[in-house]
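Below is one structure, written out as structure tokens; the observations come after it.
Taken together, the values in this text are just the output of simple stated rules run on the coordinates, not laboratory data. The shown structure was predicted, so the numbers you read here are calculated from the model rather than taken from an experiment. Counting neighbours? That spans all protein chains shown, and the Cβs are built from the backbone with ideal geometry, glycine included.
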């Protein structure tokens, strides 16, 4: 697709991978809409980068419906969705909290579905569109303490395959991107101890560049899935 002149939605766009992606897309000439739950952070990003922001909890259906109504009214179209909103909850099985387990599923799985559902309605009407789901290498393997988080990413990978099977006939490309550890606020936000910056590990711009590469392929082709590892990470 041609990014210049396109309309692109980035969920979870006020920090980390989402913010870096939104900034790069905007610099390439796209009209970018970012969402998030923190009004203050969204306003700060809007003022600094000139990116449109909309406070929305992707796991709340009424917020998603309001968001897409605004997009339809302002632009009348949409070219791509970056389903990036998500967070981690890490705990052993025996200590897992039901409400926290359900909350992370609501954002990482239900939220991704709601956003993709509303975007797909527009894309089908247009006979074109792109859905990029940001999963994780945790979508391929479980690990100690990963019951909730890994399960959400397995689910996102499964949904991606279902949507791809349903939507290809409408010229809609559905792509899954699986980063390994990326140095963002993800770790401290999940309740784990923050670690010093490590030049050998991935950063947000690595994933933002991957997303843009996938989008910029000619519309006749698409990459079904991309996994991104650090070349030689050192602890």
In a Gaussian network model of the chain with springs linking alpha carbons closer than 10 Å, the residue among 45, 109, 94 that fluctuates most is 94
Largest fluctuation, 165, 112, 30 only, Gaussian network model of the chain with Cα springs under 10 angstrom, belongs to 165
Taking Cα pairs closer than 8 Å and at least 6 residues apart, the relative contact order of segment 40-133 in percent is 36 percent
By the C-alpha gyration tensor axes a ≥ b ≥ c (rounded if a/c is under 1.5, else prolate when a/b exceeds b/c, else oblate), the shape of segment 108-191 is prolate
In deg cm²/dmol, rounded to the nearest 500, the helical mean residue ellipticity at 222 nm of the chain, built from -39500 (n - 2.57) for every DSSP H run of length 4 or more, is -13000 deg cm²/dmol
At the level of C-alpha centres, the distance separating segment 75-89 and segment 206-225, in angstrom, is 15 Å
So residue 66 and residue 161, fully extended at 0.36 nm per residue minus their Cα-Cα distance, gain in nm 31.5 nm
A student applying the Cα gyration tensor rule (rounded when a/c is under 1.5; otherwise prolate if a/b is larger than b/c, oblate if not) would label segment 7-228 rounded
For segment 1-84, shape from the Cα gyration tensor axes a ≥ b ≥ c, cut at a/c of 1.5 then a/b versus b/c, turns out oblate
Residue 96 and residue 124 label points (each 7 Å along its Cα→Cβ direction) are spaced in nm at 3.3 nm
